[in-house]
Amino acid sequence: MTDYTTIDFSPLLASSTDEIVTHSLVSDVRLASGRTLALVTLHNGKDHTRPNTLGPATLTELGETLDGLQRRAAAGEIDAVAITGKQYIFAAGADLSGVGALPSTDVARLIAQLGHHVLGKLSTLGVPSFSFVNGLALGGAVEIALHSTYRTVDSSAAAIALPEVFLGLVPGWGGATLLPNLIGIENALEVIISNPLKQNRTLKPQQAFDLGIFDAIFSPTSFLEDSLRWADGVLEGTVKVSRKNVPGKIERLTKWPVAIKVARNMLESRIGTIPKSPYLALELLDKAKSGSAEEGFAREDEALAELISGDQFIASMYAFDLVQKRAKRPVGAPDKELAKKVTKVGVIGAGLMASQFALLFVRRLQVPVLITDIDQARVDKGIAYIRDEIAKLQDKGRIDPDTANRLRALVRGTVDKSEYADCDFVIEAVFEETGVKQQVFSEIEGIVAPDAVLATNTSSLSVEEIGSVLKHPDRLVGFHFFNPVAVMPLIEIVKTPHSSDEALSTAFVVAKNLRKNAILTADAPGFVVNRLLAKVMGEAARAVDEGTPLLTVESAFAPLGLPMTPFQLIDLVGWKVAAHVQDTMVRHFPERFFASENLHRLAELPEVVEKDKNGRVTGWTKQAQKALETGKKTASEAEILRRVEDGLASEIRLMLDEGVVPEVEDIDLGLILGAGWPFIDGGASPYLDRSGASERATGSTFHTPPLRGVAHR
């Protein structure tokens, strides 16, 4: 058991000089019973746009405040202590801004130990402690509440979560030990592991209350007053606190180990074994079923020190910064004041992709949307799809009936293209062939207003070539969505040598209003994401063509930590699409990309691969085995991985040299948002630097020095 009172935390404080300190402001509140409650308000002196965070100086001040309150409690001056936050914000968790610069693993361990030292004081004050969670509460903020004797939550709080696993960490200030013993192992697994791995899902206050994280929930109109009244009732004994989800002996002996085993199997099937934080969190939750809380805290100290010092966390913080900051301020985007106001959108085509576009535009922009196609039957099918999807949104409670009716009324389908005349933004979703796209744009250009912006959703064709038939090619931009359209957060906005700043600005503003993140890319084959995915898929296809067994190829990619194996991804996007993309890339870069005739053969089959219940590829179908024509040369997993790594590093360097994107950060951002590349890689470049591929293939690293944890510097 660690004696936190004997630890010297000064090295940690010395490494955190730029912290915006969240102060602990104390005021005494006289309760109706006559008791005195010391109310600690966390406040960093900023408004709600700069949330409270919990850095070393903040924790130190909070610890000193709690020490003073403990002395007052011993003197009989106060009967309880409560912690709350500034307006709308309890706290947004630990301040991680300076963690990457920590000098050693020992100093990293101090972060966990200081959190345990300070928050642990909430259970040793000599009087009951309360947390009045009045707003956003993430990570360490939830752990403040868990260390308190009692907890209330505002029903309007923006989010409640322990998101550490999403960032390559674990709840290391008591969360992994206290939460399962409060709400049960299955609920704790959901909050600590499952939710972070589902695109960092958070809890609504009612959900958190129902799970048993909080003892009471009150409306925002009188949250503090109701919390104080409730706390007074608890102190008086007139309010009884019932915790129905606290695990009993039977759960600890039977349900607990089963739940851990199921969770481990789920992790292995969904994310493989490369990410460290989910498995360390799982170990902490497993061991939390027995022993003392202090023993659990000591295990958290070591787990957090290991992770903070490691490469995966540093890469995760790099990726998080890209998504939170760079994605919100796209590099190279023209001034938004140049954007044309979009009051009506035209979608050329009424197939599945076009219908998904129309649904997204009408839902997010809430302006009239027009779809057309070559015959009324196709138009009617597209309109029916859109209306069905709107109905599903209503059934799920995502939109109310009035909104559903309004959205349905805003979408119109026709075969009369003259109705595009008053559209400000027109995007095509027709067959992926240059001639077809040129034909539709030639026709539309004569109908739309002179300043209307035209957009193509091509995934691999030259935008400039598509626009070469236009009288005003300056109005055309690439506007490349990723599938599924409603889910994937990235749009690649493609700039040709002719694209005007006005057209580009409009595209960026539209993307933002669609709640998508956009990156600017030059008009180069495959743009960013598909160019690099083509490299990955090409190397997988090459290995199969040579004669390597399918599962050997699939396993070779595991160290990359990708969300899908190569052939799992190809099966999702479609074998014909994959073959077309590979052909396109080989046509432009025959010496660097690989096109497989086997992909075309397999594309003609109804089923190509067999999968298990988790969607993992387990082998070829019998038809695929007959269709394949392969050699007899077998590559090892290490050989395949090295080819992929070196090929990616070489291609990224060429893309930067060619000016496809401004900086390598934009490539990493594109891979994270457009292809689901994991935070623990940092996209691609930090991983390629760490693996040695950058230097092997290009003679230098993408980051100087490479992004590595302190344990490996």
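The values are calculated or read from the model by the stated rules, or taken from the named source; none is laboratory data. None of these values were measured; they are calculated from a predicted model. Cβ sites come from the backbone with ideal geometry, for glycine too, and all protein chains shown count toward neighbours. Side chains included, ligands, DNA and RNA excluded: accessible areas come from the protein's heavy atoms. Shrake-Rupley method; radii C 1.70, N 1.55, O 1.52, S 1.80 Å.
If you scan segment 455-504, which residues turn out to be within 17 Å of Phe357 (Cβ to Cβ) and of a type in the set (D, E, K, R)?
Within segment 455-504, just Glu492 meets the criteria.
Out of all the residues in segment 74-97, which are free of Cβ contacts under 8 Å to residues at least 60 places away in the same chain and surrounded by fewer than 19 Cβ atoms within 10 Å (Cβ to Cβ)?
Correct list: Ala74, Ala75, Gly76, Glu77, Gln87.
Condition first: within 18 Å of Ala319 (Cα to Cα) and either in contact with a strand residue (DSSP E or B) (Cβ under 8 Å, 6 or more places away or on another chain) or surrounded by fewer than 23 Cβ atoms within 10 Å (Cβ to Cβ) (or both). Now tell me which residues in segment 684-701 satisfy that.
Arg690, Ser691, Thr701
Might you check whether a residue that is part of a helix (DSSP H, G or I), open to solvent by less than 10 Å² (accessible area, probe 1.4 Å) and not β-branched (Val, Ile, Thr) occurs anywhere in segment 465-486?
yes
Out of segment 226-247, which residues are over 16 Å from Ala80 (Cα atoms), of a type outside the set (A, V, I, L, M) and within 35 Å of the chain's Cα centre (by Cα)?
Arg243, Lys244, Asn245, Pro247 - these are the residues of segment 226-247 that are over 16 Å from Ala80 (Cα atoms), of a type outside the set (A, V, I, L, M) and within 35 Å of the chain's Cα centre (by Cα).
Residues Ser596, Ser555: which one is open to solvent by less than 50 Å² (accessible area, probe 1.4 Å) and of a type in the set (Ser, Thr, Tyr)?
When all the criteria are applied, what remains is Ser596.
Consider His147 against the criteria (1) more than 22 Å from Leu182 (Cα to Cα); (2) in contact with a strand residue (DSSP E or B) (Cβ under 9 Å, 6 or more places away or on another chain); (3) not hydrophobic (A, V, I, L, M, F, W, C): it satisfies all of them except one. Which criterion is unmet?
If we test His147 against (1) more than 22 Å from Leu182 (Cα to Cα); (2) in contact with a strand residue (DSSP E or B) (Cβ under 9 Å, 6 or more places away or on another chain); (3) not hydrophobic (A, V, I, L, M, F, W, C), just (1) comes out false.
Give the residue, chosen from Thr552, Thr548, that is out of contact with any Leu (no Cβ under 9 Å at 6 or more places or on another chain) and part of a helix (DSSP H, G or I).
Only one candidate passes the filter, namely Thr552.
Hey, could you check segment 512-545 for residues that are open to solvent by 10 Å² or more (accessible area, probe 1.4 Å), outside any loop (DSSP other than H, G, I, E, B) and in contact with a strand residue (DSSP E or B) (Cβ under 9 Å, 6 or more places away or on another chain) and say which is nearest to Phe482 (Cα to Cα)?
Filtering segment 512-545 for residues that are open to solvent by 10 Å² or more (accessible area, probe 1.4 Å), outside any loop (DSSP other than H, G, I, E, B) and in contact with a strand residue (DSSP E or B) (Cβ under 9 Å, 6 or more places away or on another chain), the one nearest to Phe482 (Cα to Cα) comes out as Asn530.
Any chance segment 617-635 includes a residue that's in contact (Cβ under 8 Å) with a residue 12 or more places away in the chain, over 29 Å from the mean Cα position of the chain (by Cα) and under 24 Å from Leu688 (Cβ atoms)?
Looking through segment 617-635, at least one residue is in contact (Cβ under 8 Å) with a residue 12 or more places away in the chain, over 29 Å from the mean Cα position of the chain (by Cα) and under 24 Å from Leu688 (Cβ atoms).
What residue, among those in segment 134-156 that are open to solvent by less than 10 Å² (accessible area, probe 1.4 Å) and hydrophobic (A, V, I, L, M, F, W, C), is farthest from Lys121 (Cα to Cα)?
Val153
Exactly one condition in (1) free of Cβ contacts under 8 Å to residues at least 40 places away in the same chain; (2) under 30 Å from the mean Cα position of the chain (by Cα); (3) open to solvent by 20 Å² or more (accessible area, probe 1.4 Å) is not met by Lys276; state its number.
Checking Lys276 against (1) free of Cβ contacts under 8 Å to residues at least 40 places away in the same chain; (2) under 30 Å from the mean Cα position of the chain (by Cα); (3) open to solvent by 20 Å² or more (accessible area, probe 1.4 Å), the one that fails is (1).
Kindly indicate whether Glu236 is open to solvent by 70 Å² or more (accessible area, probe 1.4 Å) and out of contact with any helix residue (DSSP H, G or I) (no Cβ under 9 Å at 6 or more places or on another chain).
yes
For segment 315-343, how many residues are closer than 28 Å to Pro196 by Cβ, open to solvent by 20 Å² or more (accessible area, probe 1.4 Å) and part of a helix (DSSP H, G or I)?
Counting residues in segment 315-343 that are closer than 28 Å to Pro196 by Cβ, open to solvent by 20 Å² or more (accessible area, probe 1.4 Å) and part of a helix (DSSP H, G or I) gives 8.
Tally up the residues in segment 173-198 that are open to solvent by less than 40 Å² (accessible area, probe 1.4 Å) and of a type in the set (Asp, Glu), please.
0
Go over the candidates Asp681, Asp689 one by one and state the one that is within 20 Å of Pro566 (Cβ to Cβ), touching a Phe, Trp or Tyr at 6+ places or on another chain (Cβ under 9 Å) and either without any contact (Cβ under 8 Å) to a residue 40 or more places away in the chain or not basic (Lys, Arg) (or both).
Just a single option satisfies the conditions, and that option is Asp681.
All but one of (1) assigned to a loop (DSSP other than H, G, I, E, B); (2) open to solvent by less than 30 Å² (accessible area, probe 1.4 Å); (3) among the hydrophobic types (A, V, I, L, M, F, W, C); (4) under 30 Å from Arg201 (Cβ atoms) hold for Phe508; state the number of the condition that does not hold.
The single condition Phe508 does not satisfy is (1).
Answer yes if at least one residue in segment 29-36 is outside any loop (DSSP other than H, G, I, E, B), open to solvent by less than 30 Å² (accessible area, probe 1.4 Å) and either closer than 23 Å to Gly115 by Cα or aromatic (Phe, Trp, Tyr) (or both), and no otherwise.
Within segment 29-36, none of the residues are outside any loop (DSSP other than H, G, I, E, B), open to solvent by less than 30 Å² (accessible area, probe 1.4 Å) and either closer than 23 Å to Gly115 by Cα or aromatic (Phe, Trp, Tyr) (or both).
Quick one: count up the residues across segment 602-621 that are basic (Lys, Arg) and either modelled with pLDDT of 95 or more or within 20 Å of Ala556 (Cβ to Cβ) (or both).
Residues that pass the stated criteria total 2.
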